[in-house]
Amino acid sequence: MTLMTYRQALHDTLRAEMLRDENVFLMGEEIGVFEGSYKITAGMLEEFGPKRVRDTPIAEEGFTGAAIGAAMVGLRPVVEIMTINFSLLALDQIVNHAAKIYGMFGGQAKVPMVIRTPGGGGQQLGATHSQNIELYYSFVPGMKVVAPSNPADAKALLLAAIRDDDPVLFLENLGLYNTKGEVPEGDEPAEIGKAKITREGKDLTLIGYSRMAHVAQEVAEELAESEGLDIEVVDLRSLRPLDRETFIESVKKTHAAVILEDDWLTYGIGAEVAASISDGAFDYLDAPVRRVAMAEVPMPYAKPLETAALPSADDVKNAIRQTLDAVGHRR
């Protein structure tokens, strides 16, 4: 095991995969000379050259389309879109081409590409640069969407995404880049579509992904120490395919659930998870499923308002207490 940041885990994994497979190459705005807006690709241009680290124009639709074409003829492009907000400019290419080509043409062409893109608020970047719109892509058959919450999963899921023969949206969160964690040696990829129970418990199931899975783990540990609560934490890791079985079985054990997400509550990822729990574990629930999400507003720029709009650890704790109080749980 090596202690490293989420940022370093992404960098090292990209480099290792480029050394392993000459068909892997990078595309994106400012990823070469400038070394990337978040320095994930630092040193890559110097090591691999401009043929495999390709700075692109500010034209998301154009370079995403070029990557799709490259993938169809056997290359494995890893596209960096500076933020998920800018992926909207390439929505037609992603949804109507990358996700559809394999199915529309009877498997005659595959699209083995990765779109790496960060999202999330908390950085005072304003309403159009702080969104969590992974829901758009999770909705689309033909896409795979993964959302690692820690450095170890950033490595394992990026390995899996690059080696997968389907297009994968690789969701990062700006608030996670400097977080640290132990990362295993070797190059064992994760299983896309498999959630992980990161903390065993019996009182309540806490379900999150990306940054909110990180928050869930911290809240569960804090409440165990301060209030003696034994909370199980499920990190979804993959949004499409969604591992319903893991979180449904967890809820059957704990009889209560709280779902966390950084996006808006209405029509969010949490709504799908809650519906799945209702379908698969309704008779086991001792209280309604509660959801914690951001305020239903465009993200404010002013720091106090931005902080108020984002879901917080205190919001999570309150939802847990309300749920356990509803079932008469004694803390």
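At a glance:
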| quantity | calculated |
| --- | --- |
| Residue under evaluation L324, criteria (1) farther than 20 Å from G121 by Cβ; (2) open to solvent by 10 Å² or more (accessible area, probe 1.4 Å), criterion not met | (2) |
| K253 vs. criteria assigned to a helix (DSSP H, G or I), in contact (Cβ under 8 Å) with a residue 40 or more places away in the chain, more than 18 Å from the chain's Cα centre (by Cα) and under 30 Å from K155 (Cβ atoms) | yes |
| Hits in segment 298-318 - residues which are assigned to a loop (DSSP other than H, G, I, E, B) and either touching a Ser or Thr at 6+ places or on another chain (Cβ under 7 Å) or open to solvent by less than 60 Å² (accessible area, probe 1.4 Å) (or both) | M299, P300, A302, L310, P311, S312 |
| Which numbered condition G107 fails, given (1) modelled with pLDDT under 95; (2) under 28 Å from A293 (Cβ atoms) | (2) |
| Unmet criterion (only one of (1) assigned to a loop (DSSP other than H, G, I, E, B); (2) out of contact with any Asp or Glu (no Cβ under 9 Å at 6 or more places or on another chain); (3) under 24 Å from Y209 (Cα atoms)) for Q124 | (2) |
| Enumerated helices (runs of 4 or more DSSP H) restricted to segment 1-74, each holding at least 1 residues that are touching a residue at least 24 places away in the same chain (Cβ under 8 Å), in contact with a strand residue (DSSP E or B) (Cβ under 9 Å, 6 or more places away or on another chain) and closer than 29 Å to K180 by Cβ | 6-20, 44-48 |
| Lone unmet requirement of (1) open to solvent by 10 Å² or more (accessible area, probe 1.4 Å); (2) touching a strand residue (DSSP E or B) at 6+ places or on another chain (Cβ under 6 Å); (3) touching a residue at least 60 places away in the same chain (Cβ under 8 Å) for T198 | (3) |
| Total residues in segment 139-174, condition surrounded by fewer than 21 Cβ atoms within 10 Å (Cβ to Cβ) and within 15 Å of S210 (Cβ to Cβ) | 2 |
| Residue in segment 91-109 that is of a type outside the set (S, T, N, Q) and either under 14 Å from the mean Cα position of the chain (by Cα) or under 25 Å from M212 (Cα atoms) (or both) present | no |
| Selection within segment 48-81 - charged (D, E, K, R) and out of contact with any Leu (no Cβ under 9 Å at 6 or more places or on another chain) | K51, R76 |
| Answer residue from segment 230-249, given it is assigned to a strand (DSSP E or B) and free of Cβ contacts under 8 Å to residues at least 40 places away in the same chain and is surrounded by the most Cβ atoms within 10 Å (Cβ to Cβ) among those | V234 |
| Pick from segment 213-229, criterion open to solvent by less than 50 Å² (accessible area, probe 1.4 Å) and touching a helix residue (DSSP H, G or I) at 6+ places or on another chain (Cβ under 8 Å), ranking: farthest from G175 (Cα to Cα) | L229 |
| Residue satisfying all of: in segment 250-269; out of contact with any Leu (no Cβ under 8 Å at 6 or more places or on another chain) and hydroxyl-bearing (S, T, Y); most open to solvent (accessible area, probe 1.4 Å) among these | T266 |
| Residue that is nearest to D12 (Cα to Cα), among those in segment 32-42 that are touching a Lys or Arg at 6+ places or on another chain (Cβ under 8 Å) and open to solvent by less than 70 Å² (accessible area, probe 1.4 Å) | I40 |
| Residues located in segment 51-86, provided they are over 20 Å from the mean Cα position of the chain (by Cα) and of a type in the set (A, V, I, L, M) | V53, I58, A59, A66, A67, I68, A70, A71, M72, V73, L75 |
| Qualifying residue in segment 72-79 (condition: surrounded by fewer than 17 Cβ atoms within 10 Å (Cβ to Cβ) and farther than 29 Å from R20 by Cα) | no |
| Residue count for segment 179-189, restricted to those that are touching a Pro at 6+ places or on another chain (Cβ under 8 Å) and either exposed (fewer than 13 other Cβ atoms within 10 Å of the Cβ) or aliphatic (A, V, I, L, M) (or both) | 2 |
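The values are calculated or read from the model by the stated rules, or taken from the named source; none is laboratory data. Bear in mind that the values here come from a model prediction, so they are computed numbers and not experimental data. Reconstructed Cβ throughout: ideal geometry from the backbone, glycine too, with neighbour counts over all protein chains shown. We work out accessible area using only protein heavy atoms, side chains counted, and drop any ligands, DNA or RNA first. Shrake-Rupley method; radii C 1.70, N 1.55, O 1.52, S 1.80 Å.
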